[in-house]
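Q: The structure's right below; bear with me while I get my questions together.
The values are calculated or read from the model by the stated rules, or taken from the named source; none is laboratory data. Note that the structure is a prediction, hence the values are computed from the model and not measured. Cβ placement follows ideal geometry from the backbone for every residue including glycine, while neighbour counts extend to all protein chains displayed.
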Amino acid sequence: MNYAGVLLILFGITLLVLEVKVASYGLLSAGGIISLLLGSMILIDSPVPELRVSLSVILPVVAGLAAILIFLVRLGVASQLRRPATGAEGMVGTVGVVKAPSRRRPPGASRPTVRSGRPPPTRSSPRARTWRSWRSRGCG
């Protein structure tokens, strides 16, 4: 009996399950697919008839699994590259609206500055109602 093929298939399944828990960016998936393919190829010429696997079964299963895993890894990488939508980092570049003027600044807060170098707006100016954030320091 050819145990190497069966062990390679089990190892490949183990690698595919570990891909869910470990951040390997698809490396464990690639190793699992290769291990499944090699283990299945070893079982083509197995002396035990119950362990023989046809090539017409191996290739579609491995190709389908590879396509699914490539798609999932691509989605994971795309989500890492996407701009944050929540938290202090998600507020950078957004426009905020002042609903009520602040009566008092918190201790240690400095006077607000404007990015363009112009003096800060007064309460009566139209610029006092909206502002654009460009950094997240102190927002969290």
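Q: May I ask you to say which residue of PRO47, PRO60, PRO101 is over 20 Å from the mean Cα position of the chain (by Cα) and modelled with pLDDT under 70?
A: PRO101
Q: Now for a different question. Residues that are free of Cβ contacts under 8 Å to residues at least 12 places away in the same chain, loosely packed, with under 10 Cβ neighbours inside 10 Å and aliphatic (A, V, I, L, M): does the range 65-73 have at least one?
A: No: zero hits.
Q: I need the full set of residues from the range 38-95 which are charged (D, E, K, R) and more than 22 Å from VAL6 (Cα to Cα), in order please.
A: ARG74, ARG82, ARG83, GLU89
Q: Additional query: I need a count of the residues in the range 26-58 that are charged (D, E, K, R) and either closer than 26 Å to SER79 by Cβ or surrounded by 12 or more Cβ atoms within 10 Å (Cβ to Cβ) (or both).
A: Step one: list which residues in the range 26-58 are charged (D, E, K, R), which gives 45, 50, 52.
If we keep only those that are either closer than 26 Å to SER79 by Cβ or surrounded by 12 or more Cβ atoms within 10 Å (Cβ to Cβ) (or both) as well, we get 52.
The total comes to 1.
Q: With the requirement that a residue be without any contact (Cβ under 8 Å) to a residue 24 or more places away in the chain and either over 21 Å from THR14 (Cβ atoms) or part of a helix (DSSP H, G or I) (or both), what does the range 46-60 give you? Explain how you work it out, then say what you get.
A: Step one: list which residues in the range 46-60 are without any contact (Cβ under 8 Å) to a residue 24 or more places away in the chain, which gives 49-50, 52-60.
PRO49, GLU50, ARG52, SER54, LEU55, SER56, VAL57, ILE58, LEU59, PRO60 - these are the residues of the range 46-60 that are without any contact (Cβ under 8 Å) to a residue 24 or more places away in the chain and either over 21 Å from THR14 (Cβ atoms) or part of a helix (DSSP H, G or I) (or both).
Q: Just checking, how many residues over the range 1-25 are aliphatic (A, V, I, L, M), assigned to a helix (DSSP H, G or I) and surrounded by fewer than 15 Cβ atoms within 10 Å (Cβ to Cβ)?
A: Selection size over the range 1-25: 7.
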